[in-house]
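To keep things clear, I will list the structure first and then write my remarks on it.
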Amino acid sequence: MATGTGVKYIENPAFNLALDVGNSDNVGISGLALLAFLGAGHTEKHGTYKETVQRGVAWLISTLKENGRWDLTGAKQNYRNGIGTMALSEAAGMGRVPATVKAAQRAVNGLVDGQKPYEAGTITRTRTDPRNTPRIPP
């Protein structure tokens, strides 16, 4: 099974992204890796790789700031915050671990709070405008 082979590869200690905290890209990369495990049915409570899922979730939670965002800079910060939030939200929905559910909600709130007014043509719209498509500022 291809998914099983891929999950084994990601779980390999040489590919241990979730514990390499020196690189801000790891929020996005670790989130994507965690989503692979979750997609293969592994959760914080069940599955062959539950310890790996637990480590990945714990790292994402430990690096999440009180404002619900990861301390990221650069052009891809919103992408990485989005991926991290997706991974925590998926883990929360699948595992129902209270600490993960709380952190996932904090991350979602951080994304919503990060939205700012922007201009669409000549009409200025705010994030509360019902015509507005949610957008995270650069």
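The values are calculated or read from the model by the stated rules, or taken from the named source; none is laboratory data. Everything numeric in this text was worked out from a predicted model, so none of it was measured. Note: ideal-geometry Cβ built from the backbone for every residue, glycine included; neighbour counts use all protein chains shown.
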* In this structure, is A91 surrounded by 15 or more Cβ atoms within 10 Å (Cβ to Cβ) and over 14 Å from N26 (Cβ atoms)? -> yes
Looking at R127, is it modelled with pLDDT under 90 and either on the phi > 0 side of the Ramachandran plot or part of a loop (DSSP other than H, G, I, E, B) (or both)? yes
| message | Whether any residue in segment 34-57 is within 14 Å of the chain's Cα centre (by Cα), among the aromatic types (F, W, Y) and crowded, with 18+ Cβ neighbours inside 10 Å is what I want to check. | response | yes
Filtering segment 94-116 down to residues that are within 18 Å of L32 (Cα to Cα) and either touching a strand residue (DSSP E or B) at 6+ places or on another chain (Cβ under 8 Å) or buried (at least 17 other Cβ atoms within 10 Å of the Cβ) (or both) yields M94, G95, T100, A103, A104, A107, L111
Condition set hydroxyl-bearing (S, T, Y) and touching a residue at least 24 places away in the same chain (Cβ under 8 Å), scope segment 83-100, selection farthest from E44 (Cα to Cα): answer is T85
